[in-house]
């Protein structure tokens, strides 16, 4: 199949950047979207042009590195699918596809489609952990955890930290990411103990990193490749309220 | 090292291998692991811990450590060393430590908890691992791994890792990859992700505390060895292009395996062997490079554009049945092939274990039926993994509960619905058991250079059991290294390294020169082009089944490819800034050297064991024929400018009886 | 050139900030002030329906509003308390909206070239412009039916006369319709968002709350619009 890609090219953080069109006449429906870029890049390289820079690593939908906004939608048109697992059979022959980087002040463009997402790491560093130094931890069976809580914690914990939620949010908020981690840890007895200080520190780090405020628009969960439910944000709000109430 | 003796059996093709290649080697002195205490196997780790020197808490601040890689091993080591009080500098090529490829491990993590009362114990996990590794691993290391396994689960639960639980709120386990006990803990199909996030979070806590400094998007390009000790690394900041040197009292490599030498593998695109290969060139011995694991349940190649292969968790074999049509060239849809014309070949060949035989056996059996022309799907490189019986027996909802995410992933990639059409699977390169040689303390042959996780060779012998990689990575990082590295650091701080130290300056200059060279060849072919060609060659000649003729061919071809690489490579752009072509070129350059050693090791090991199957060495039934008399040793290779030097570490088995693996 | 970094020999602890000025707290303030306005609007809509019981019933109701709580509070005392609470809520609501909007603008300095399609809810995407329309309308509405200067009649103490005078003109009905529809959308997302922000979250209740929000918004819209349309088509007046 033949596809036309209009790709955001930007030499570096200081460059203004702009969309550049490329034809790929020999795409196959069985290719993944990133393999399409591979084909384009190999061609660009061998003709002496600089290939398109984009983030990718595991290519099996779990590392969270790939980060393309495809026709205005982070990770493209297929629900619950990362860019690396999006295959061309979901596009029409002859289609023109716009490819842009994640757009957010907290995610400055490094080059082309590559952005700096270290703001997400700052949020985890602030409180996205359980204070449990390595050593003689309590026997794993000492604390039973209700299956419902364990399952809900797991569901929140499946977040891959790709940042699609930020890219989709009209406010540029990372609340789905932040709340998913706080929900995962807060639902487990091991993590509940420090939930008050955790949510306060995490929201502070979130705001410091220039992410916008959440207004519950739900755009995040609609594009989340792991389908993290919006409910985690509600729970997070409740936890912040509780922490304020208890005056921590 | 002792003077090298010429090894004569394999010298004939030296000339055809080209100017810089080698198909011969010399034999150096035997080596041994002197770090493991003697005596009762079960007491060795206890003894080692007691004998290990400690560092006064106040002094730990003065003993900084570098950790390269942030997977399970690297992140857990960085977190734990920082908790102890050592300033840790951590490096990863990904944009965040959380993306290291441990994250993609699906199935689970083994631990000898015996929660099910099904006869599991430390001793049994030890025996299973030794046997699974086809008696090519060191007893003392493996026993320690089994001992520590139970602590890992406790530690991870304390960190909030959301393992699967049953309705009573206790941890659930399953049987995995040929084990007859249920000792695999899991978090749906994302165990690696959950364990890695746990380790990443523990490390993040130390980042906030100021004890760990993370350099993401930074790649190690060389090891700094001064006065015989590993003292630092030369790295390139992938964003700015700046080449810098970081110094410390010790260096830990946790950089994963080298499966990407095959181009197509289940590894992440960025996984590479540069760190271990550079360390090897600086003097660290490389052990058993030919021991690679082929995973039987991967999604088959769909076309030339294929950039990587996707693993489907081995747990699928618990309920899926593997089959091909009884006759070749059967193009009917799988549903139209009657039961009588299906060959459930694993159940036929291995009635006791059926579809649950170890990975290497399942992989080879699939290759064999495909070689007979009975493979299915495009190119005939695939076998069916059928869930029809399981769906009938358990119901579709129960199957979905167990494998829903894997089925969805399969459908996303292939466009086929595994609830109605059998999956197609084919083996793919998955894991490398070989790696830098380390002693019981996980220290390489360069003092101060410690190697953990998949990057070392130590625990899996010639074949790794399912759900054991996660166990080893975390055992090394959380529990083993902190003890043994502390012992090493207790002798420090070592003499400060001057900025104009000649060894340091030479290393830095070497890195700069190499980057410059890659950028200025100005040929006409991309690094990917060479990588793909190397990968295909390796898969054909040094893959699931190897023979001397094929390996000799590869040993002749690789130097040619390497020469071509250095004359026809094109890397667009400059070194000043993000340049993914340059990163790739550097990694491929190292694979082009490592691949040769892999083939040489495979050629010299005239036996079949675990993941190393030599066509010439098989039983009449087509099973691997081990030669314990001649090859019960670790092959540790020393780098030279010419042919490498083989150092043997003899393996002795005092606690298990050497037996032929038999899964029939 | 190569630079040399020695691993740090000591390190400091990073500070952790307080969250009382965080975006989540802004959102909570938004939800609480919204809840006050919501309660008022509901009462307002129900009171409006008195018009269907005739002129005296409606005017009496308007008069009663001024006498609530007498003699404990002075004449119009309760009304002024309500007005004060409403003003405070409106100020907080708008201030938070402005702060969050400015933050959102800063958070995405470069727009997408390919305009993103709405994936979540349309009502959510129109909160800001809807809010501006509603604010302008409230000013007009106060001048029209509270102060009376913008009313065709503007008779003091005769709300029935003023209301019916308004909606005999189709364009005034049109203005009210646009505004009430904007309010409807605002309420749809507002109610839903408020429960997200303040409510206890239980899994599986999302769809139910979304339905309740929509139902409530539709009810309010229909209730508010029934009066102008009843007048325009001649059922009332």
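Okay, here's what the table says:
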| quantity | calculated |
| --- | --- |
| Per-bin percent of Cα-Cα distances, the range B:414-507 [5 Å] | 2, 10, 16, 15, 12, 11, 9, 8, 5, 4, 3, 2, 2, 0 |
| Cβ neighbours within 10 Å from other chains - mean over A:118-131 | 6 |
| Percent breakdown of C-alpha pair distances by 10 Å bin, ordered from the shortest bin, for the protein assembly as shown | 2, 10, 18, 21, 19, 13, 7, 5, 3, 2, 1, 0 |
| Inter-chain shielding of A:183-193 (mean C-beta neighbours from other protein chains, 10 Å cut-off) | 3 |
| Residue mean of other protein chain beta carbons inside 10 Å, B:36-48 | 0 |
| Least to most buried among B:538, A:175 (fewest other Cβ within 10 Å first) | B:538, A:175 |
| Footprinting exposure proxy for C:129, B:437 (fewest neighbouring C-beta atoms within 10 Å first) | C:129, B:437 |
| Cα-based Rg / Dmax (Å) for the range B:122-197 | 13.6, 41 |
| Beta bridges per DSSP with both ends in the protein assembly as shown, % antiparallel, nearest 5 | 70 percent |
| Stokes-Einstein D in µm²/s, Kirkwood radius over Cα pairs - chain B at 37 °C with 0.692 mPa s viscosity | 130 µm²/s |
| Value of Rg to Rh for the range B:181-308 (Rh from inverse mean 1/r over Cα pairs, i.e. Kirkwood) | 1.01 |
| For the range A:3-111, share of DSSP beta bridges that run antiparallel, in % to the nearest 5 | 75 percent |
| Residue order, fewest to most beta carbons within 10 Å, for A:184, A:204 | A:204, A:184 |
| Three principal axis lengths of the range B:572-632 [C-alpha, angstrom, descending] | 57, 21, 14 |
| Principal axis box of the range A:117-245, alpha-carbon based, largest edge first, Å | 45, 29, 27 |
| The range C:65-137 - Rg over Rh from alpha carbon coordinates, Kirkwood radius | 1.24 |
| Cα centroid separation, the range B:132-166 to the range B:405-448 (Å) | 19 Å |
| Under the Debye formula (equal points on every Cα, no solvent term), log10 I(q)/I(0) of the range A:3-111 at q = 0.11, 0.14, 0.17 Å⁻¹ | -0.32, -0.54, -0.81 |
| Calculated Rg and Dmax of the range A:39-178 using C-alpha coordinates, Å | 18.9, 63 |
| Burial ranking of peptide ranges C:62-70, A:193-201 (average Cβ count within 10 Å, highest at the top) | A:193-201, C:62-70 |
| Debye intensity ratio I(q)/I(0), log10, chain C, q values 0.11, 0.13, 0.16, 0.18 Å⁻¹ (C-alpha model) | -0.71, -0.94, -1.27, -1.46 |
| 0 to 90° range, to nearest 10: angle between helix A:33-46 axis and chain A longest Cα axis | 50 degrees |
| Inter-part distance where the range B:58-83 and the range C:63-114 are each reduced to a Cα centre, Å | 53 Å |
| On Cα atoms only, tilt of A:195-208 relative to the major axis of chain A in degrees | 30 degrees |
| Tilt relative to chain C, helix C:127-141 - C-alpha long axis, 0 to 90 degrees, to 10 | 30 degrees |
| Over chain A: Kirkwood hydrodynamic radius from C-alpha pairwise inverse distances, Å | 19.4 Å |
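Just so you know, all these numbers are worked out from the coordinates, no wet-lab data involved. Keep in mind that what you see is a predicted model, and the values were worked out from it rather than measured. Here Cβ is always computed from backbone atoms with ideal geometry, including for glycine, and neighbour counts include all displayed protein chains.
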